[in-house]
């Protein structure tokens, strides 16, 4: 055998060995592909129901979100209604309540005066006739309070000796309302 023939023989044996190795590799790869296919089928069997459940849950969540949105809208509407109703009630009742409280305070003061012995109980500060007119009396010497008649008319009196009162008649006949001598 010549060298050329030996080379061809070696090359053919090498080719047969390579083909045999490729066949073994192909068979091994085919086994791996079969195992991979089984795992993929198992995964598909488990995930398809899970994905379907996820779609159902997402649909339910979207429906619930719409309901929650409607509830929030209703809540905002109720809040606005209650807010406007409370403002209306405040406007309707604030002034009368203040007046009732003022009447109550005045009545309590009057009752306290009557119970303590009449006009001189508060040491002249808020009696009917006081020396300095510092309270809310009907007649005072200097008119510093809010009296009905005062000596000099410094307060907002109905009638004053010099006619300086802001809302009554003066003894000289030139009062704000045109009444003479402190009479209406």
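Any read-out appearing in this document is the output of simple, stated calculations on the displayed coordinates, not a laboratory observation. Fair warning: this is a prediction, and the values are worked out from it, not measured in the lab. All Cβ positions, even for glycine, are placed from backbone atoms using ideal geometry, and neighbour counts span all protein chains on display.
Computed quantities for the displayed model
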item	result
Full-stretch length increase - residue 24, residue 94 - with 0.36 nm per residue and alpha-carbon distance subtracted	15.3 nm
Potential lengthening between residue 39 and residue 1 on full extension [0.36 nm per residue; Cα-Cα distance subtracted]	8.2 nm
The stretch 52-118: Rg to Rh, with Rh as the Kirkwood radius over Cα pairs	1.63
Residues residue 81 and residue 107, FRET efficiency given R0 of 45 Å [Cβ-Cβ distance, rounded to 0.05]	0.75
